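To start, the structure under review is shown below, and the notes come after it.
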Amino acid sequence: MPTVAFRTLGCKQNQFDTQALRRHLEDCGLRLESRYEEADWIILNTCAVTERALAKARGEARRMRRLNPQARIFALGCGVRYAAQTFIAEGCVISGNQALAALGLIDLGLELTTPHGFIPKNKTRALLRIQTGCTETCAYCIVPSLRGSSRSVPLKDCLQTAVDLTAQGAPEIILTGTNIALWGRDLPEQPRLQDLLSALTNQSGIARVRLSSLEPHLIEPGFLEWCLAQSGVCRHFHFAFQSGSPRILNAMKRREPAPQLIDYLRELTRQDPSVCLGADIMAGLPGETERDFLDSTEWIKSIPLSYLHVFPFSERIGTPAAAQNDLVPVRVRLERAAGLRRLNNDLKKRFIQSNHNHVGDVIILKNIKPFQGLTSNYLRITFSNNFTTEASRFAIPMTDDNISSIQIQK
Ligand code: SF4
């Protein structure tokens with residue numbers, strides 16, 4: 001049987017698909033190989049979310065070829081679904097090929113495969129995929145056409161996977177998917193994300209749960225308040241806001257977040273500044289004027305958020321946004337992104353300062369000195385050298401005596 005090595009690019013969804021394929025090929029008797037130079041087969045799981053991501057995948061195919069000219073390189077994933085010819089031209093065998101299908105090497109990207117959860121190599125925290133695909137139609141996004149509509153993992157399977165991951169020693173489980181706020185809407189009785197969280201947090205002995213990115217216009221009234229009342233749900237919310245300008249959101253076919261949600265976030269940061277509120281923000285979306293950008297920046301400051309993930313807009317051929325004729329020059333996109341990153345530094349500094357002397361709910365990420373931990377509200381802390389513990393999760397005052405450094409988790 002041939003030996004096989006894996007190279008996975010892109011989002012957590014791709015990691016799940018690779019995990020499923022690894023397990024499947026092991027079941028077929030293939031031996032896993034960690035060195036690309038030594039493998040008979042190399043499986044390259046590709047991404048196409050931006051032009052740069054696709055270029056990186058093509059570059060990886062070439063690199064693999066240089067590292068191991070004899071290997072058979074199989075390419076699959078969103079990059080292949082988006083631009084198969086690119087990988088055929090690099091001498092890759094792409095998903096859908098009979099030989100592959102014969103060995104069950106099918107493109108899993110469109111299926112909710114098992115395992116639904118795993119602990120990535122050299123990591124402590126577990127990933128639990130609760131959903132894949134998306135039914136939204138954001139003008140700049142290619143994902144729905146590459147991953148299909150939203151499909152949810154049934155509640156009982158999510159729960160069983162969470163129990164298994166906890167038994168494997170994970171102190172925290174990250175709920176992930178393409179658009180997790182859509183979880184349950186395609187299931188009978190249409191349960192909501194809160195129902196899943198309630199089932200998870202009511203399961204005794206389960207690891208704490210962290211939510212990955214939330215689409216703000218899909219958050220139901222009272223959901224955040226409910227989450228903050230659960231000790232088993234992390235005090236950290238990340239929103240895919242993308243812009244603070246209603247004009248630009250509408251132009252990008254994105255619904256605006258409910259005004260009640262924004263009012264609640266403003267009140268929340270006043271009442272309890274230790275709750276971590278992060279956001280994805282894009283700079284230079286098509287049609288974005290200087291006025292729109294300033295409105296968006298003022299809006300971000302008005303909440304205020306704890307940190308930002310900043311992305312300069314990059315057109316995706318095949319999306320409505322890429323076909324627009326009012327694209328913002330790349331130089332301006334990069335300048336605006338740089339401005340948002342400067343703002344991000346100020347937001348992070350303010351949030352870290354507001355947590356000084358607070359009691360942190362910490363899990364250990366690295367249990368060799370100096371110990372490292374992660375708080376429920378997304379702060380990565382390095383403990384001082386005299387600190388030691390046996391516990392995997394504990395509460396600790398975040399003071400200079402205990403802590404040598406503190407930063408927002410990347
Ligand atoms: S909600 Fe997210 S995944 Fe869905 S279309 Fe919009 S940007 Fe893409």
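The values are calculated or read from the model by the stated rules, or taken from the named source; none is laboratory data. Nothing here was measured: the structure is a model prediction, and the numbers come from that model. Heads up, the Cβs are rebuilt from the backbone with ideal geometry, glycines too, and the neighbour counts pull from every protein chain shown. Only protein heavy atoms, including side chains, enter the accessible area calculation; ligands, DNA and RNA are left aside. Shrake-Rupley method; radii C 1.70, N 1.55, O 1.52, S 1.80 Å.
Within the stretch 276-290, which residues are surrounded by fewer than 22 Cβ atoms within 10 Å (Cβ to Cβ) and either assigned to a strand (DSSP E or B) or of a type in the set (Gly, Ala, Ser) (or both)? Scanning the stretch 276-290 gives Asp280, Gly287.
Restricting the search to strands (runs of 3 or more DSSP E) fully inside the stretch 307-410 and requiring at least 2 residues that are in contact with a helix residue (DSSP H, G or I) (Cβ under 6 Å, 6 or more places away or on another chain) gives 307-312, 403-408. Of the residues examined, Arg350 is not one that is outside the structural domain of Ala53 (by TED's automatic domain parsing) and touching a strand residue (DSSP E or B) at 6+ places or on another chain (Cβ under 9 Å).
Restricting the stretch 139-168 to residues that are in a loop (DSSP other than H, G, I, E, B) and free of Cβ contacts under 8 Å to residues at least 60 places away in the same chain, which is nearest to the ligand (Cβ to nearest atom)? In this case the residue turns out to be Ser150. Across the stretch 124-138, the number of residues qualifying as touching a residue at least 60 places away in the same chain (Cβ under 8 Å) and within 16 Å of the ligand (Cβ to nearest atom) comes to 6.
Evaluation of Gln372 against the conditions (1) farther than 19 Å from Thr297 by Cβ; (2) in the same structural domain as Lys121 (by TED's automatic domain parsing); (3) not hydrophobic (A, V, I, L, M, F, W, C) shows that the sole unmet condition is (2).
The set of residues from the stretch 368-391 being without any contact (Cβ under 8 Å) to a residue 24 or more places away in the chain and within 21 Å of Thr269 (Cβ to Cβ) comprises just one member, Thr375. When the residues of the stretch 46-55 are narrowed to those that are free of Cβ contacts under 8 Å to residues at least 60 places away in the same chain and under 19 Å from the mean Cα position of the chain (by Cα), which ends up farthest from Cys11 (Cα to Cα)? It comes out as Leu54. Candidates in the stretch 1-57 are the residues that are open to solvent by 30 Å² or more (accessible area, probe 1.4 Å) and aliphatic (A, V, I, L, M); of these, the one that is modelled with the lowest pLDDT is Met1. If I filter the stretch 250-263 for residues that are in contact with a Gly (Cβ under 6 Å, 6 or more places away or on another chain), open to solvent by less than 30 Å² (accessible area, probe 1.4 Å) and either under 30 Å from Asp326 (Cβ atoms) or within 16 Å of the ligand (Cβ to nearest atom) (or both), do I get at least one hit? For the stretch 250-263, residues in contact with a Gly (Cβ under 6 Å, 6 or more places away or on another chain), open to solvent by less than 30 Å² (accessible area, probe 1.4 Å) and either under 30 Å from Asp326 (Cβ atoms) or within 16 Å of the ligand (Cβ to nearest atom) (or both): absent.
Please find, among Ala251, Ala283, Ala258, the residue that is among the small types (Gly, Ala, Ser) and in contact (Cβ under 8 Å) with a residue 60 or more places away in the chain. Spell out how you get there, then give the answer.
Details: Ala283 fails: in contact (Cβ under 8 Å) with a residue 60 or more places away in the chain; Ala258 fails: in contact (Cβ under 8 Å) with a residue 60 or more places away in the chain.
Criteria check complete, one pass: Ala251.
Condition first: β-branched (Val, Ile, Thr), out of contact with any strand residue (DSSP E or B) (no Cβ under 6 Å at 6 or more places or on another chain) and away from the ligand (no atom under 12 Å from the Cβ). Can you find one or more residues in the stretch 174-182 that meet it? Scanning the stretch 174-182 turns up no residue that is β-branched (Val, Ile, Thr), out of contact with any strand residue (DSSP E or B) (no Cβ under 6 Å at 6 or more places or on another chain) and away from the ligand (no atom under 12 Å from the Cβ). The conditions of being more than 24 Å from the chain's Cα centre (by Cα), open to solvent by 70 Å² or more (accessible area, probe 1.4 Å) and not charged (D, E, K, R) are not met by Asn345. Across the stretch 348-357, which residue is farthest from Phe311 (Cα to Cα) among those that are polar (S, T, N, Q) and either open to solvent by 40 Å² or more (accessible area, probe 1.4 Å) or under 23 Å from the mean Cα position of the chain (by Cα) (or both)? The extreme case among them is Asn357. The residues of the stretch 214-243 that are open to solvent by 10 Å² or more (accessible area, probe 1.4 Å), under 22 Å from Leu308 (Cα atoms) and assigned to a loop (DSSP other than H, G, I, E, B), listed by number, are Glu215, Ile219, Arg235.
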